[in-house]
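Structure first, then comments.
The values are calculated or read from the model by the stated rules, or taken from the named source; none is laboratory data. Just so it is clear, the structure is predicted and the values come from calculations on it, not from any experiment. Glycine also receives a Cβ, built like all others from the backbone with ideal geometry; neighbour counts cover every protein chain displayed. For accessibility, only protein heavy atoms count, side chains too; no ligands or nucleic acids. Shrake-Rupley method; radii C 1.70, N 1.55, O 1.52, S 1.80 Å.
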Amino acid sequence: MTEALETLKRWVNESDNIVFFGGAGVSTESGIPDFRSVDGLYHQQYDYPPETILSHTFYRKKTEEFYRFYRAKMLALDARPNAAHKKLAQWEQEGKLRAVVTQNIDGLHQAAGSRVVYELHGSVHRNYCEKCGAFYDAAYILHSAGVPVCEKCGGKIKPDVVLYEEGLDTATMQGAVKAIQHADILIVGGTSLTVYPAAGLIDYYDGRKLVLINKSVTPMDSRADLLLQGSIGEIFGQL
């Protein structure tokens, strides 16, 4: 075990106020593709770039095309939590972890047992009729055809995910900021820390135990009190 890993293990053992902030790298190890990796969706060929398809404007103008892409690439309902998800849930149950802040929309933290999860970009597991507000789960969307419509009123159903051109949910952001501000340890993992406003959340941490875990270099590495490079699942599996 490396010295950095030993230090992180000691910090975790001594703390009861950890907050974890994670990005796509937490989910890739569960088989969910990362938009910005070399093999990610941004580097594949479609009629439109993924960032165009996943925009508010495209959803409004070409809803059926949006859903064809969304069903094929965004609904990884067979994915299962990995070692990182499971360890975070364990820490919460042990009273060590106060919150998970995530940029992911797959619900894997909750599937692993985490209860306090701030989903900055929403969740594929929540879908609502735009007309009457009726709730539908991800399986309903996956198994529908064309544009999914409400069984109660016939209205169009929209995923509760934050599309490009849409703002983040205020209450979710406020909860995430408060948790980070009061954290003893802030562990940031599996994120490039380049997507704003989410990446700016790190600025709210004023403690002295900022831990960055990522496979590649991030713009925030120089600010870390502890830096670990590698697979987040493998690292968490050793804690």
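Points to keep in mind about this one:
Every residue, every condition in (1) more than 23 Å from Ser55 (Cβ to Cβ); (2) touching a helix residue (DSSP H, G or I) at 6+ places or on another chain (Cβ under 7 Å), yes or no:
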residue	(1), (2)
Lys86	yes, yes
Ala89	yes, yes
Gln93	yes, no
Lys131	no, no
Glu151	yes, no
Thr172	no, no
Gln181	yes, yes
Ile185	yes, yes
Gly189	yes, yes
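- Single condition Pro159 does not satisfy, out of (1) in a loop (DSSP other than H, G, I, E, B); (2) closer than 23 Å to Asn127 by Cα: (1)
- Residue that is surrounded by the most Cβ atoms within 10 Å (Cβ to Cβ), among those in segment 97-109 that are among the β-branched types (Val, Ile, Thr) and in contact with a His (Cβ under 9 Å, 6 or more places away or on another chain): Thr102
- Answer from Leu228, Leu201, Leu186, Leu239 - the residue that is open to solvent by less than 40 Å² (accessible area, probe 1.4 Å), part of a loop (DSSP other than H, G, I, E, B) and not small (Gly, Ala, Ser): Leu239
- Contacts under 7 angstrom Cβ, first residue in segment 187-209 being within 21 Å of Ser15 (Cα to Cα) and of a type in the set (Phe, Trp, Tyr), partner open to solvent by less than 20 Å² (accessible area, probe 1.4 Å) and part of a helix (DSSP H, G or I), 6 or more apart: Tyr204/Ile180; Tyr205/Ile180
- Residues in segment 5-49 that are modelled with pLDDT of 90 or more, farther than 19 Å from Arg80 by Cα, open to solvent by 20 Å² or more (accessible area, probe 1.4 Å) and in a loop (DSSP other than H, G, I, E, B): Asp16, Asn17.
- Evaluation of Ser192 against (1) of a type in the set (Gly, Ala, Ser); (2) under 18 Å from Leu228 (Cα atoms); (3) open to solvent by less than 10 Å² (accessible area, probe 1.4 Å) (one fails), failing number: (3)
- Within segment 51-96, the set of residues being within 20 Å of Val26 (Cα to Cα), open to solvent by less than 10 Å² (accessible area, probe 1.4 Å) and free of Cβ contacts under 8 Å to residues at least 40 places away in the same chain comprises just one member, Ala89.
- Any hit, segment 166-178, residues being acidic (Asp, Glu), surrounded by fewer than 15 Cβ atoms within 10 Å (Cβ to Cβ) and under 30 Å from Leu210 (Cβ atoms): yes
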